[in-house]
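This report concerns only the one structure given below.
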Amino acid sequence: MKLFKFALATTLFGAATLANAGILTSNFSSNTGMAELGSASVIDGKGVLTPSSSDLRGGFLFNSIDEGKLLAQWSASFEFTISDNKGGGADGISFGLVREGDSLNLHGFLGEEGATAGLAIGFDTYNNGEISANHVSVRFDDNIITTVDLDNLFELQDGTTYTSLMTFNNGIFNLSLNDEAIVNDLSISGWQPYAGNFYFAARTGGASSLQVVDNLHIETTTVPAPATFALVLCGLAGLITRRHYKK
């Protein structure tokens with residue numbers, strides 16, 4: 001019986017570990033592994049989304065690290081700096097996971113709010129009728145899940161290099177800035193695992209800012225394929241048959 005329990009645990013553990021883990025790291029020393037969109041370019045080891053000029057949209061779209069598999073969990077850390085503000089500065093940057101096959105429209109939704117398909121986190125520095133000109137937003141499939149006013153914590157466009165840490169675990173999202181918790185255990189209503197590509201985006205309007213990202217590190221865990229569970233069942237069947245035969 002002890003042998004059976006041990007073998008069962010080993011089978012289940014082995015099956016669970018079949019979920020793929022991906023890693024994406026970029027210090028923006030080159031544009032390898034990404035597409036530069038609009039005004040975005042790699043300059044002097046930094047990811048420049050927009051220079052401080054009017055009416056720009058830019059983004060970096062990263063190659064998939066999970067071969068089109070559904071994502072169950074991911075974590076991301078990166079640095080961003082918003083400076084050289086003109087006309088009060090605008091508009092902010094976003095980071096997100098766009099659904100695989102959905103394009104990033106440079107003339108529509110790509111910017112401080114992120115893509116309309118998938119999870120998007122915005123660092124917004126201009127008030128377009130929102131909570132403030134200094135806030136974080138979380139959207140899923142173009143629906144606002146939450147906004148957080150940062151006026152009592154940080155000034156996003158003050159030239160400080162901010163470090164953002166995000167974690168996502170089966171529909172639960174967390175975000176911190178410079179080790180300060182901003183979003184805690186936020187449940188993303190309607191979320192189901194999906195395949196996608198990570199990206200940065202930014203926008204300027206009549207007002208503008210230099211908007212830069214750096215030192216990106218992402219780790220992902222995919223949903224185990226159905227074959228994984230078939231392996232579990234096959235293992236169970238074999239173990240049970242063996243145990244019955246030994247009686």
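The values are calculated or read from the model by the stated rules, or taken from the named source; none is laboratory data. The shown structure was predicted, so the numbers you read here are calculated from the model rather than taken from an experiment. Methodologically, a virtual Cβ is constructed for each residue, glycine included, from the backbone with ideal geometry; neighbour enumeration extends over all protein chains shown.
General observations
- Residue that is within 22 Å of Lys86 (Cα to Cα), assigned to a strand (DSSP E or B) and out of contact with any Phe, Trp or Tyr (no Cβ under 6 Å at 6 or more places or on another chain), where the choices are Leu210, Leu175: Leu210
- In region 125-163, the qualifying residues are those that are at pLDDT 95 or above and among the small types (Gly, Ala, Ser), and the one that is nearest to Ile182 (Cα to Cα) is Ser137.
- Scope region 81-94; condition in a strand (DSSP E or B), surrounded by 20 or more Cβ atoms within 10 Å (Cβ to Cβ) and at positive phi; matching residues: Gly92
Residue-wise test of (1) touching an Asp or Glu at 6+ places or on another chain (Cβ under 8 Å); (2) part of a loop (DSSP other than H, G, I, E, B); (3) not assigned by TED's automatic domain parsing to the domain that holds Phe60.
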position: Glu79; (1), (2), (3): yes, no, no
position: Gly96; (1), (2), (3): no, no, no
position: Thr116; (1), (2), (3): yes, yes, no
position: Ile121; (1), (2), (3): no, no, no
position: Ser132; (1), (2), (3): yes, yes, no
position: Glu155; (1), (2), (3): no, yes, no
position: Asp158; (1), (2), (3): no, yes, no
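- The one condition in (1) modelled with pLDDT under 95; (2) within 18 Å of the chain's Cα centre (by Cα); (3) under 15 Å from Phe200 (Cα atoms) that Leu106 fails to fulfil: (2)
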